[in-house]
Amino acid sequence: MADVAQGEGMSKSAKRRAAKKARDSAAAEVAAPEPEPPAPEPKAKAKAKAQAATPEPKAANAATAAAPKAAPKQAAKAAAQKGKAPAKVEEEEPEPKESTELAPNWVIDDGSGPSWEVNSGMSKKQQKRKEREAEQKAMAKAAPGGKAVPGMGPVNTIPGMAPAGAQAGAKGVSQSVAADVDRILAMKTAVAEEKAPEGNSSSATVHVPENRIGIVIGPKGSKIKLIQEKTGVSSIDTTGQVFTIVGPPQAVAKAEAAIKELVEKGYCALAYDDFAENFVNVHPSCFPDLIGKNGAVVRKIKEELGVEINFPETQKNAPPGKKYKVTLAGSAQAVEKAKNVVNNIMMYSHDELTHPGTVHEELEIENWAWRYIIGTGGSEMRHIQNNYKVKVSIPREHSLNQQVLVVGERDGVERAKAYIEKLVWNAEHRTTGRDRVDNGDVWGDEEEEEEWMKQYMYKR
């Protein structure tokens, strides 16, 4: 009734505010969590509180009247705290668990290894000096009479080895290190056993000069493989300049002879079934024709006939007419064909095997007319060779062919031949000049030789 009477004396705006506050308080009460029930108190305390609360009805009314005013503020604070509470609560990430497993390269110290180093507070230089002094003291104690000569170890010790007492007192190395050493030794022993020759095997070594290694080994190791297959040796080690042959004694002897033959001659008899060897005496002036430009001619002979050709080294102070032996090796039939090819090249500067489509012409021209073919400073010779694309050879003292030789394609050879013959005819039928004599006698008939003439005559 008091609230109704009080409401009737309030203005409309005050009523609206009071109604709003009442709604807010009601909403706060609904949203607020239920208070936990108070703990049970003893009956004596409860009676005392009830007696104290009865004689103050006014205070209770005042508290009831103030409740609507304080309720909205408390409700708002509670609502705000309730809205903020979920934001503060975050899910905590689980802490990563430390792995108890060890990495594969970790080793647990089992106490068998050396002890940890202790920092002595000295530099390395000072530490070494101290260790050296301690070692000298120990040597002095171990020496007979307690004296030691500087720079010398104990009397009964082996240089490079520790004293017997130190060896006895030293502890063993780590078990893992010992196991690694045993494993390595076992592997080396197994490899040595594999490489060890059989009971009836033998070995031999051959020294091969550095400039002959390629000839002995051959392209992609072809010659070494051939020797190994033909002789039946177990292996041929070509490391360095010393070749090692391992296998049965007879096979090793054959392989050794074959390698020495390759070193000396550049070929070996094992490479051919019907082996034959021959030679041709050749003057060094013919070497360029036999070898050819960039070795084209000799390479053609080797490839077509399957033979080996060796040119000897020429001597600097040899006589002008000295000839050298050019060696031919291979099957008997191929060697004969190669010999014919070499003779044709020396005689005619070409062969059908090495120069297909090339022909030659031999011209019988007297010696006095050669200078007309050569010309002044070789001008006429250059004109003939460049204009007709031929090669003209004037005979020399050591030439096999003593005729003027024209070599080239057939058309060019015929034209060059006609030109040379015309040059010689013109030189022979010249009508001008004081030196021209038809019969070739410039001085006429000689008179009888008298005694007074001998002192003036030139003796050759």
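Among all residues of region 244-257, there is none that is hydroxyl-bearing (Ser, Thr, Tyr), open to solvent by 20 Å² or more (accessible area, probe 1.4 Å), part of a loop (DSSP other than H, G, I, E, B) and free of Cβ contacts under 8 Å to residues at least 60 places away in the same chain. The selection criterion, being of a type in the set (Gly, Ala, Ser), touching a strand residue (DSSP E or B) at 6+ places or on another chain (Cβ under 7 Å) and open to solvent by less than 70 Å² (accessible area, probe 1.4 Å), does not hold for Ser202. Of the candidates Leu405, Leu400, Leu353, Leu328, the single residue that is among the aliphatic types (A, V, I, L, M), modelled with pLDDT of 90 or more and in a loop (DSSP other than H, G, I, E, B) is Leu353.
Quick grid of which residues meet (1) buried (at least 18 other Cβ atoms within 10 Å of the Cβ); (2) of a type in the set (S, T, N, Q); (3) within 20 Å of Ser393 (Cβ to Cβ):
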residue: Lys260; (1), (2), (3): no, no, no
residue: Cys268; (1), (2), (3): yes, no, no
residue: Val307; (1), (2), (3): yes, no, no
residue: Gly321; (1), (2), (3): no, no, yes
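Return the pairs, sorted by first residue and then second, in which the second residue is at pLDDT 75 or above and among the basic types (Lys, Arg), the first residue lies in region 447-460 and is open to solvent by 100 Å² or more (accessible area, probe 1.4 Å) and assigned to a helix (DSSP H, G or I), the beta carbons are less than 6 Å apart, and the residues are 6+ apart or on different chains. Filtered contacts from region 447-460: no entries.
If you go through region 222-240 and keep only what is out of contact with any Lys or Arg (no Cβ under 9 Å at 6 or more places or on another chain) and closer than 22 Å to Asn310 by Cβ, you end up with Ser222, Lys223, Ile224, Leu226. Where helices (runs of 4 or more DSSP H) sit wholly within region 115-226, those with at least 3 residues that are within 30 Å of Phe243 (Cβ to Cβ) and at pLDDT below 75 occupy 175-195. Determine, yes or no, whether Val342 is part of a helix (DSSP H, G or I), modelled with pLDDT of 90 or more and either open to solvent by less than 60 Å² (accessible area, probe 1.4 Å) or among the aromatic types (Phe, Trp, Tyr) (or both). When the stated conditions are applied, Val342 passes them.
Against the conditions (1) outside any helix (DSSP H, G or I); (2) touching a Ser or Thr at 6+ places or on another chain (Cβ under 6 Å); (3) in contact (Cβ under 8 Å) with a residue 60 or more places away in the chain, Asn278 satisfies every one except (2).
Here is the figure for region 359-389: residues that are touching a Lys or Arg at 6+ places or on another chain (Cβ under 9 Å) and in a loop (DSSP other than H, G, I, E, B) total 1.
The values are calculated or read from the model by the stated rules, or taken from the named source; none is laboratory data. Keep in mind that this is a model prediction, so the values were computed, not measured. As a convention, Cβ positions derive from the backbone with ideal geometry for all residues, glycine included, and neighbour counts pool all protein chains shown. Surface accessibility is based on the protein's heavy atoms, side chains included, excluding ligands, DNA and RNA. Shrake-Rupley method; radii C 1.70, N 1.55, O 1.52, S 1.80 Å.
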